[in-house]
Amino acid sequence: SSAVWAADDSALYYTKMDAAHRPYQLWRHVLGTAQSEDELLYTEKDELFWLAIGKSDSGKYLWAETASTETAEVHAIDLSKGKGAAPVCVAPRKFGVVYSVIDRGDSLLVLTNKDDQKNFALLAAPAALPSAPSSWAPLAGFEYDSNRTIAGVKAFKDHVAVFGREDGQTQAWVLSMPAEAATVAKAERLSFDEASFEVYGGANYEYDDKELRIIFSSMVTPPTTLTHDMASGARKTLKVKPVPNYDASKYATERLHATAADGTQIPISLVYRKDLKKDGAPCMLYGYGSYGINMEPSFSASRLPLLDRGMCYAIAHIRGGGEMGRERWYEKEGKYLTKRNTFTDFVDCAKHLHDNQITTPERTAINGRSAGGLLMGAVLNMAPERFAVAVAGVPFVDVMVSMCDPSIPLTVGEWEEWGNPNEEKYYEYMKSYSPMENVGKLAYPAILVTAGLYDPRVAYWEPAKWVARLRAMSTSDAPTLLKMDLDSGHFSASDRYKYL
């Protein structure tokens, strides 16, 4: 599944996957020896947990992190000890506690949600391993803030770069602190000219570096690689991703908010050409909303043909993702017995676009893949009148059958997202929104469904069964295959198709 070189390149550490494509074993291969002599260092037996490996920022340790959706445990191999080093558990797993370790050479930092810090806190820890969680202390100068979510940390000799979310979108912070320090001398959140954007860490491989490489983009700005001097604050553009024939001055982006049924404000990112009249324009509305994964307002060149043909494009930042903070947007209001918020939020976003005459139901297309395909299936059952066209890519729509069969790859791990159907409360709740169980005699819009013959996550028979049921139940005309006149850009209905 993945591999990491030893400090002196004399050995290779790698992981193997089981029959369910779950990385679960850590092996060490010494160069110059037969592979049959490779040493098995660790086996993760719990099917809920996946194993991932990586080298620490200073290069001192190999981290072997085994984690489920809600729990993590880290094992460390001291690479300075050579070929015979054995894994040491940093801190034993405790249900509901996720943590990762950041090596600063002479000290350690821990990123964790322990003590109900659901948006994750950065803590100072002793350098010695194993490390008792009771010894992890708040990092003075950058204490926990419930309005800030920390997603990743990159350590340097004199600084620490932190990436996360605040004010509803991605942010980056630079913490000034020597390697041996347990306090932050200065914490700076990086600022950018655009109001809506995405920023994340670039290729930062040198521990001694004083420049932080970051990637910045927005819905109108192509990915731009920047360096930020962590001491002086000086910034330099290294590269802008080339986009042939693209003129950013012709496009505009906005941040809107839809009001959900419970009063929650749901962000919507919108992009369009400046010469577009937003008075019922055609619109593509995209959503995902699962696993705490964020859908960022970043640049996409493949979106430009839609914009240039007179469409606007919107991203619904619905609950189930983590855009407004993992604690609220995902943990409390977007999974398990609050999962329906994901689907009603999306419908409310469409309603906002319709009520404000940005588009109309007759000119609204929607799109989602995998768990976003589940979103498509659910909202089509809830409000088919809101949409003209839906595109569902490898949609996870047979929720009840999949979640009730632990022999299907990945099912057991998914119980920490949707709930275990062996418990009645989860069974009944999942059944209330599962697309397959809720197909009704409704006037469904035109729907394009795709499937993968060898997809280990969403087997092809799931979307095939769903399409069969839709065809049997829909009270609208059979779905039509649309064709486009390449000269005018207009669509017209061609012969109806019978087969997927």
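What number of residues within region 403-426 satisfy the criterion of being open to solvent by 10 Å² or more (accessible area, probe 1.4 Å), in a helix (DSSP H, G or I) and either within 19 Å of Leu448 (Cβ to Cβ) or among the polar types (S, T, N, Q) (or both)? Residues that pass the stated criteria total 0. Any residue at all in region 331-343 that's at pLDDT below 95 and surrounded by 18 or more Cβ atoms within 10 Å (Cβ to Cβ)? Yes: one or more hits.
Out of curiosity, is Ala203 aliphatic (A, V, I, L, M), over 20 Å from Tyr272 (Cα atoms) and open to solvent by less than 60 Å² (accessible area, probe 1.4 Å)? Show your work before the answer.
Details: aliphatic (A, V, I, L, M): yes; over 20 Å from Tyr272 (Cα atoms): yes; open to solvent by less than 60 Å² (accessible area, probe 1.4 Å): yes.
When the stated conditions are applied, Ala203 passes them.
Of the residues making up region 265-283, those that are open to solvent by less than 30 Å² (accessible area, probe 1.4 Å) and under 24 Å from the mean Cα position of the chain (by Cα) number 7. Could you tell me whether any residue of region 311-325 is more than 28 Å from Ala151 (Cβ to Cβ), of a type in the set (A, V, I, L, M, F, W, C) and either in contact with a Lys or Arg (Cβ under 7 Å, 6 or more places away or on another chain) or outside any loop (DSSP other than H, G, I, E, B) (or both)? Yes, there is a match, as at least one residue in region 311-325 is more than 28 Å from Ala151 (Cβ to Cβ), of a type in the set (A, V, I, L, M, F, W, C) and either in contact with a Lys or Arg (Cβ under 7 Å, 6 or more places away or on another chain) or outside any loop (DSSP other than H, G, I, E, B) (or both).
For residues that are open to solvent by less than 40 Å² (accessible area, probe 1.4 Å) and in a loop (DSSP other than H, G, I, E, B), scanning just region 441-453, find the one that is nearest to Asn381 (Cα to Cα). Please lay out each step first, then the result.
In the first step, residues of region 441-453 are kept if they are open to solvent by less than 40 Å² (accessible area, probe 1.4 Å); the result is 444-447, 449, 452.
Remaining after also requiring in a loop (DSSP other than H, G, I, E, B): 444-445, 452.
Details: Tyr444: 8, Pro445: 11, Gly452: 23 Å.
Looking at the filtered set, the residue picked out is Tyr444.
Of all residues in region 121-141, those that are under 19 Å from Glu166 (Cα atoms) have Cβ atoms under 6 Å from Cβ atoms of residues that are surrounded by 15 or more Cβ atoms within 10 Å (Cβ to Cβ) and of a type in the set (Ser, Thr, Tyr), 6 or more apart or on another chain, in Ala121/Tyr144.
For region 375-398, a tally of residues being open to solvent by less than 10 Å² (accessible area, probe 1.4 Å) and either of a type in the set (Lys, Arg) or assigned to a helix (DSSP H, G or I) (or both) returns 6. Of all the criteria given as (1) at pLDDT below 95; (2) of a type in the set (Val, Ile, Thr); (3) surrounded by 21 or more Cβ atoms within 10 Å (Cβ to Cβ), the one not satisfied by Thr183 is (3). Scanning region 20-57 for residues that are among the basic types (Lys, Arg) and surrounded by 17 or more Cβ atoms within 10 Å (Cβ to Cβ) turns up Arg22, Arg28, Lys55.
When Ile318 is tested against the conditions (1) more than 22 Å from the chain's Cα centre (by Cα); (2) under 29 Å from Leu448 (Cα atoms); (3) not hydroxyl-bearing (Ser, Thr, Tyr), the lone failure is (1).
The set of residues in region 454-463 that are within 17 Å of Asn381 (Cα to Cα) and either open to solvent by 20 Å² or more (accessible area, probe 1.4 Å) or acidic (Asp, Glu) (or both) contains only Glu462. Would you say Ser290 is part of a loop (DSSP other than H, G, I, E, B) and of a type in the set (S, T, N, Q)? Judged against the criteria, Ser290 is a match.
Open to solvent by 20 Å² or more (accessible area, probe 1.4 Å) and at pLDDT below 95, is that true of Gly82? Talk me through it step by step, then tell me what you get.
Values: open to solvent by 20 Å² or more (accessible area, probe 1.4 Å): yes; at pLDDT below 95: yes.
Taking the combined requirement at face value, the residue satisfies it.
The set of residues in region 219-264 being open to solvent by less than 70 Å² (accessible area, probe 1.4 Å) and of a type in the set (A, V, I, L, M, F, W, C) consists of Met219, Val220, Leu226, Met230, Ala234, Val243, Ala248, Ala252, Leu256, Ala258, Ala260.
Selection over region 141-175 of residues that are open to solvent by less than 20 Å² (accessible area, probe 1.4 Å) and part of a loop (DSSP other than H, G, I, E, B) gives a count of 3.
Considering only region 30-71, state which residues are more than 30 Å from Ser407 (Cβ to Cβ), among the β-branched types (Val, Ile, Thr) and outside any strand (DSSP E or B). Listed by number, the list holds a single entry, Thr33.
The values are calculated or read from the model by the stated rules, or taken from the named source; none is laboratory data. The structure displayed is predicted, hence computed values, not measured ones. Backbone-built Cβ (ideal geometry, glycine too); neighbour counts: all protein chains shown. Please note that ligands, DNA and RNA were not included when accessible areas were found on the heavy atoms of the full protein model with its side chains. Shrake-Rupley method; radii C 1.70, N 1.55, O 1.52, S 1.80 Å.
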